[in-house]
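Heads up: the structure comes next, in structure tokens.
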Amino acid sequence: MVTAETLTLAALLIAPGVIAVLIGVTLGVVEQQVGRDRFYLTSFISSIFIDVIFIWIVQTWWGEQVTDRSALEGIFFAEQQFNVSAAVLLFVLSCMLGLVYAITLTYNTSHFLREVLGRFTSHKRNPWQPWVGGLRDAEQVMVQLKNGTDVVGMLAEYSRVEKERQLVLHSPVITNLEPLDEEPNRKKMIIPEDQIALVHVMSTREREGLRDKIRSALGQLCSDDK
């Protein structure tokens, strides 16, 4: 027999995965639209992972034995009242996994793992289109415009994943522009796709990953202690 407690329990066990994925997608850097099927599948797998951790904590730290559905219902609906502590624990686990997803997306951990696997192959495969792969490590670029003008600047941002190809340059310098009486103070310049003829990468920068940042922070702390 399906009771209100059973339906509530089902919602409690399914919702954590949805919460985790929503937090990850909202806080993380997601450069493409997440498909409905992928979203549901990721949420379902996340719910299973969170529920397993939740049951392990309940059995290890709370001394409860979860052997069937009734025992699990008893954790949330003990003595005809709702156990708020259990719901809070489930929500906290969901938020923690969501933050892990957000960090993974922001620091592009999948690319790091892909590079590790790529060491065992004789060639490198890039998941991005050449526009993204070529500009990913660019520092200073020169953009040739279709009107014959060249613009040199520090690459601040570039469009990605099936969007209009635009560039944002810091401190841009137009190299072959006729001098003006009052040269404008350009902080940034946005160059749309329909004006770009060619992009030259003048210099690149070494990307600092999460591991390098943690190592630098620990090194700074050690030097401060001395």
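The values are calculated or read from the model by the stated rules, or taken from the named source; none is laboratory data. Every value quoted in this text rests on a predicted model; they were computed, and no experiment measured them. As a convention, Cβ positions derive from the backbone with ideal geometry for all residues, glycine included, and neighbour counts pool all protein chains shown.
The residue of the stretch 40-73 that is farthest from LEU12 (Cα to Cα), among those that are under 19 Å from the mean Cα position of the chain (by Cα) and surrounded by 15 or more Cβ atoms within 10 Å (Cβ to Cβ), is THR42. Of the residues making up the stretch 150-173, those that are farther than 12 Å from ILE191 by Cα and outside any strand (DSSP E or B) number 4.
Screening the stretch 10-53 for residues that are in a helix (DSSP H, G or I) and polar (S, T, N, Q) and picking the one that is nearest to SER70 (Cα to Cα) gives SER47. Within the stretch 149-181, which residues are out of contact with any Pro (no Cβ under 8 Å at 6 or more places or on another chain), at pLDDT below 85 and surrounded by fewer than 16 Cβ atoms within 10 Å (Cβ to Cβ)? Selection gives VAL161, GLU162, LYS163, THR175, ASN176, LEU177, GLU178, PRO179, LEU180, ASP181.
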